[in-house]
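Asks: Here it is, the structure, as structure tokens.
The values are calculated or read from the model by the stated rules, or taken from the named source; none is laboratory data. Predicted model only: the values in this text are computed from it and were never measured. Glycine gets a Cβ as well: all are built from the backbone with ideal geometry, and neighbour counts include every protein chain shown. We work out accessible area using only protein heavy atoms, side chains counted, and drop any ligands, DNA or RNA first. Shrake-Rupley method; radii C 1.70, N 1.55, O 1.52, S 1.80 Å.
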Amino acid sequence: MKKILTLMLLLVAMQAQAQKALANENVDSRWASVTLKQVKSGSLPDMLEAFHRQWPMSEVADVLGVIRQGLTEKVLDDNTGYGVSYSPKNGYVETYDDGADNSLMQACYWRRSDGHRLLAITIGQPVDMEEADIFFYDYDDAQHTLTPVTGLLKGLPPRKSGQRFYNLPKEGKNMSVNDYGVDGVFEHLFTWDGMKPVYSQTKHHDYDFDATEVDGEYNLPVSFKGNAPTISDFISARLAEGDLGEVMNALRYTWLCRQQGKALPAYTTLDVDTKNGYVRYERSYPEGKESTVVELCYWNCADGTHKVMAENIVSYQNGRRLMGQYDGITFHLYDNSQHAMKWVPIDQVCRGGFLDIANSESTIIALPRVGKNIRVDVSAASGKTMHWLQWMGNMFVYK
């Protein structure tokens, strides 16, 4: 009986997954031929509800679930950082994650000069995909309908290669379309004319990077067994240096305790995820309600001969960011042929203005346990904005 029940549950799960995949495929090919009717109102939740009723999608379900709870922000998966951020004032909502395993969705609406509203929904993957999807609808308050609008982004240059992503406005009215390819980032800008986004210009951002041109010697030998080093091998090499400062010296001691099978120091946790190439160390100081978090992970470069390792330190007090002496992000470059790595300046491995805010007190960086992108939260007087360092195969682009 247990075997039969297990088989039935498995079949139900497979059917649900197939229906989800079918819905995603159909919305891409058939959405433009279907007018959505009986839309309650022109609010963003009601318009998304009508869209989801016709084209069920997990991302929209997640968004609606959070909004129905009366929340504006909620993390739905602690392991990946996947969550929903909703701005009722700006008529904007998005899903996000710390890596790339969950789909990225954005939705917003504009008030049109004829009294209607223009709804935009974009759904895709942050990385590892050719192109995101975008859907436009005209909302008629008198008819309570959402009518598909096609061919709206006139003047948008064709994508030559790489990835294309649509960036809807969280604030203001202008949007952009970014193409990421071997020639850099092409940012296509659109301004709002009262009825639709109108193409205005394209900006090119270069991010050429040649690992062979990075200055300095590979002075940190990396010992390993097997075909390639693991995250543990990289950390062992990093911790073999001289005086590393208070935080990394504490990590070194904890690392030795782990290797020797001893109990870890009090108020200390160490999580080693070899499969995903990620390590997280945290040390708490109960008397001052402070804690320090160290993350390390690495990426395989597209050239097949190098790897990039990131080391990120963040300190907190009472759950709030506290800029510590050793806080910040650093990078190392590993050369397969030399079995060694070296320190790399931030501006040589990150493009797009990241250096200006990289190690600021207003910046909180989270390395990806899964996926490839680094999350960057920047705080200002107007609030917190979320950005990404997107991995491009041999370096990062800040966006």
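Asks: Would you work out what percent of the accessible area of region 326-372, with all protein chains in place, is carbon or sulfur (probe 1.4 Å)? Can you show the working numbers first?
Replies: Numbers: 960 of 1920 Å².
Answer for region 326-372 is 50 percent, counting heavy atoms of protein chains only.
Asks: If you stretched the chain out fully between E290 and T330, how much longer would it get, using 0.36 nm times the residue separation minus the C-alpha to C-alpha distance?
Replies: Working: separation 40, 0.36 × 40 = 14.40 nm, distance 2.23 nm.
Computed gain between E290 and T330 is 12.2 nm.
Asks: Report the extension gain between L264 and N276 in nm, rounded to one decimal, defined as 0.36 nm multiplied by the number of residues separating them, less their alpha carbon distance.
Replies: Numbers: separation 12, 0.36 × 12 = 4.32 nm, distance 2.26 nm.
Additional length available on full extension: 2.1 nm.
Asks: Using R₀ = 51 Å, calculate the FRET efficiency as 1/(1 + (r/R₀)^6) where r is the Cβ-Cβ separation of S41 and N227; round to 0.05. Working shown, then result.
Replies: On the way: r = 59 Å, r/R0 = 1.15.
So the FRET efficiency works out to roughly 0.30.
Asks: Greater than 26 Å separation of Cα atoms is the criterion. Which listed pairs, K74/K307; K225/K307; K225/K399; K40/K89; K225/K342, meet it? Don't skip to the answer; put the middle values down first.
Replies: On the way: K74/K307 34 Å; K225/K307 17 Å; K225/K399 37 Å; K40/K89 19 Å; K225/K342 20 Å.
K74/K307; K225/K399, as the Cα separations exceed 26 Å there.
Asks: Using a ≥ b ≥ c from the Cα gyration tensor of region 183-334 (square roots of the eigenvalues), is it rounded, prolate or oblate, where a/c under 1.5 gives rounded and otherwise the larger of a/b and b/c decides, a/b for prolate? Don't skip to the end; give the middle numbers.
Replies: On the way: a/c = 2.66, a/b = 1.48, b/c = 1.79.
Note, shape of region 183-334 comes out oblate.
Asks: Please check which bits of region 295-314 a label hung off S337 would reach, taking the label as a point 7 Å along Cα-to-C-beta and the cut-off as backbone N under 11 Å.
Replies: Only 305-306 fall inside the zone, counting backbone N under 11 Å.
Asks: Let me ask something additional. What is the packing order of peptides 82-94, 385-397, 318-330, taking the mean over residues of other C-beta atoms within 10 Å and listing the highest first? Please report the intermediate quantities before stating the final value.
Replies: Working: 82-94: 18.4, 385-397: 20.2, 318-330: 14.2.
Packing proxy ranking, top to bottom: 385-397, 82-94, 318-330.
Asks: Okay, next question. Which of rounded, prolate or oblate describes region 282-388 when judged by the alpha-carbon gyration tensor and an a/c cut-off of 1.5?
Replies: Details: a/c = 2.36, a/b = 1.59, b/c = 1.48.
Note, shape of region 282-388 comes out prolate.
Asks: Hey, how many Å between the Cα centroid of region 367-399 and the Cα centroid of region 216-264?
Replies: What the calculation gives is 26 Å, centre to centre.
Asks: Also, I was wondering about something else. In a shell of Cβ-Cβ distance under 12 Å around V198, excluding V198 itself, what net charge do Lys and Arg (+1) and Asp and Glu (-1) give? Intermediate values should be presented prior to the final figure.
Replies: Working: positive: K154, K173, K196; negative: D193.
Its environment carries a net charge of +2.
Asks: Could you report region 284-384's accessible area per residue, 1.4 Å probe, as an integer in Å²? Mind dumping the intermediate values first?
Replies: Working: 4490 Å² over 101 residues.
Dividing the accessible area of region 284-384 by its residue count gives 44 Å².
Asks: Let me ask something else. With each pseudo-label sitting 7 Å past Cα toward Cβ, what's the D133-T191 distance in nm, one decimal?
Replies: 3.3
Asks: Along the Cα→Cβ direction, 7 angstrom out, place labels at T72 and L239. What is the inter-label distance in nm?
Replies: The two pseudo-label positions are separated by 4.2 nm.
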